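Data first, discussion second: the structure below is written as structure tokens.
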Protein chains: 2
Amino acid sequence: MEKNEWKIVLLGAGNVGYHLGKQLKTCGLNLVQIFSRQESKAQQLSAITDVPYVTRMEYVMPNADLYILAVNDSAISIVADQLKIEHGLVVHTSGGTSSTVLQPHFQRFGAFYPLQTFSISRKIIFDNIPICVFAKTRIDEDFLFKIGTHISQKVYRIGDEQRTMLHIAAVFVNNFVNHLFQIGYDILEKEKLHFDLLRPLILETALKVQDHLPKEMQTGPARRGDVATVERHLQYLEAFPSYLELYKSITKDIQSHSII
Amino acid sequence: MEKNEWKIVLLGAGNVGYHLGKQLKTCGLNLVQIFSRQESKAQQLSAITDVPYVTRMEYVMPNADLYILAVNDSAISIVADQLKIEHGLVVHTSGGTSSTVLQPHFQRFGAFYPLQTFSISRKIIFDNIPICVFAKTRIDEDFLFKIGTHISQKVYRIGDEQRTMLHIAAVFVNNFVNHLFQIGYDILEKEKLHFDLLRPLILETALKVQDHLPKEMQTGPARRGDVATVERHLQYLEAFPSYLELYKSITKDIQSHSII
């Protein structure tokens, strides 16, 4: 069967669904239907992809080859429970959810996890996004892998356990990093300084690690064992008790890493 | 006096000195001499700027208008002690050092802090880099401000205390963020997964915050109070005790932030 014959149904038109749907269509895959309970979102994606949408589960076509559940983690089981299909492969797009949550509902199941942070309002270069595929059977995983290679240059076979670790790593470099940005913001705000002061540094830090390893890039008072500066920083941070604790523990962590 | 008449001497040809020297010259300022004890570095910067260099302090010209000490924090006092000049203004480029360390040595002193992470090997767009200037007298600060506007579009007057806070914020969004990248690396390495998997996410996280506020961007299990996922992550992190602690404290921090 050729790629444009596989019938794909996309369930969910939020941040992930929006970009995934757009890319599937752009890459010439046969996206045949979009489902979203939120009509405005379904309509929005339908309009740019020219793919029909439905807002009720009972209208989802039963005979597609692939169903992609691009819904919130907490909605996966609910949608899976309501999805009545013939024999297609069903995958979710969640990093933090085992594919086995689909097992009670479908014979063929797996995961199709694009490792990126998506917002409908932001353009994104999809070709670079790592797609992590997994399916219960090798033949289904090969199928997902093929779909993956049509929409991205980077497709990986990643099992459920590994995907969980990957998701944890993603939490560190995305959610937790963003929290450190917030801390930077808070510190500057107290001094009535604009967050713009930090933006070029933030960007350059991320750009550097695109072709270097983090350990090659580490600098700063903790790394060089500059106790005087660390002490002074701790003093200044007394106005921010919880950040003080974080400063201490990350500094300790960097120092023990430096020894290794 | 016009900008190309101010005689500037740059002391230090490391990461900061290299980029600053290049930019001063590119922008038509009158960089008249480079000093570095490390001849290879002095030579390298001299070659690309076409400015003569010296490697001994006694050869530094005494009658320049501005001396920029782009040396390591720990070397500032040492260099300041050896620098014998007539009446020029002396500044260091350190975020983490009070300008008053120069007070015992010079009548006119201040700071000229480019807020960025520099590596000789990386090209950098200097025009965007925030330059934080401070001098003991208003007239000297005005002079530094003017120099700043010649090499960057963003120049700020930032006092010693404020610069310390800014430096602390920079430690959070650069050194500490880089440590979180390292944690991501370590987690993936244990699973024999390539760090490339995280790179697009890291870049997009930094790009998003260029035109959004961190609080608008926060997502993830901690933010949405997804206790089940957090618990599962903690379980999986048992192989990394120090990261487990960090996971807990940042998660707690994000949660208390979300309540505000």
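Can you tell me how many residues within region B:1-56 are within 19 Å of the chain's Cα centre (by Cα) and of a type in the set (Ser, Thr, Tyr)? Number of matching residues: 1. On the stretch given as region B:246-255, residues that are open to solvent by less than 60 Å² (accessible area, probe 1.4 Å) and more than 8 Å from chain A (Cβ to nearest Cβ) total 1. Selection within region A:194-203: residues that are open to solvent by 10 Å² or more (accessible area, probe 1.4 Å) and closer than 16 Å to B:Ile125 by Cβ. The member of this set that is farthest from the other protein chains (Cβ to nearest Cβ) is A:Asp196.
Taken over region B:24-53, residues that are hydroxyl-bearing (Ser, Thr, Tyr) and surrounded by fewer than 16 Cβ atoms within 10 Å (Cβ to Cβ) amount to 2. Of all the numbered requirements in (1) more than 7 Å from chain A (Cβ to nearest Cβ); (2) more than 20 Å from A:His257 (Cβ to Cβ), B:Glu189 misses one, and that requirement is (2). Go through the residues of region B:233-243 one by one and say whether even a single one is under 13 Å from A:Leu180 (Cβ atoms), at pLDDT 95 or above, touching a Leu at 6+ places or on another chain (Cβ under 7 Å) and within 7 Å of chain A (Cβ to nearest Cβ). The answer is no; no qualifying residue exists. Within region A:73-99, the set of residues being open to solvent by 30 Å² or more (accessible area, probe 1.4 Å) and over 16 Å from A:Gly17 (Cα atoms) comprises A:Ser77, A:Ile78, A:Asp81, A:Gln82, A:Lys84, A:Ile85, A:Glu86, A:His87, A:Ser98. Just a yes or no: is a residue in region A:236-245 open to solvent by 30 Å² or more (accessible area, probe 1.4 Å), of a type in the set (Asp, Glu) and part of a helix (DSSP H, G or I)? Yes, some residue in region A:236-245 is open to solvent by 30 Å² or more (accessible area, probe 1.4 Å), of a type in the set (Asp, Glu) and part of a helix (DSSP H, G or I).
Considering only residues that are assigned to a helix (DSSP H, G or I), open to solvent by 10 Å² or more (accessible area, probe 1.4 Å) and more than 29 Å from A:Phe195 (Cβ to Cβ), which ones fall in region B:171-193? Scanning region B:171-193 gives B:Asp186, B:Glu189, B:Lys190. If you go through region A:112-154 and keep only what is polar (S, T, N, Q), at the interface with another protein chain (Cβ under 10 Å from one of its Cβ atoms) and open to solvent by 40 Å² or more (accessible area, probe 1.4 Å), you end up with A:Ser121, A:Asn128.
If you go through region B:123-146 one residue at a time, do you hit one that is at pLDDT below 95, over 26 Å from A:Asp186 (Cβ atoms), assigned to a loop (DSSP other than H, G, I, E, B) and of a type in the set (Val, Ile, Thr)? Checking region B:123-146: at least one residue is at pLDDT below 95, over 26 Å from A:Asp186 (Cβ atoms), assigned to a loop (DSSP other than H, G, I, E, B) and of a type in the set (Val, Ile, Thr).
Checked against (1) in a loop (DSSP other than H, G, I, E, B); (2) over 21 Å from the mean Cα position of the chain (by Cα), B:Asp196 passes all but condition (1).
Within region B:204-231, the set of residues being assigned to a helix (DSSP H, G or I) and open to solvent by less than 70 Å² (accessible area, probe 1.4 Å) comprises B:Glu204, B:Thr205, B:Ala206, B:Leu207, B:Lys208, B:Val209, B:Gln210, B:Pro214, B:Met217, B:Thr229, B:Val230.
The values are calculated or read from the model by the stated rules, or taken from the named source; none is laboratory data. Note that the coordinates shown come from a computational prediction; the quantities given were computed from them, not determined experimentally. Cβ coordinates were reconstructed from backbone atoms using ideal geometry, including for glycine residues, and neighbour counts include every protein chain displayed. The area values use the complete protein model at the heavy-atom level, side chains included, leaving out ligands, DNA and RNA. Shrake-Rupley method; radii C 1.70, N 1.55, O 1.52, S 1.80 Å.
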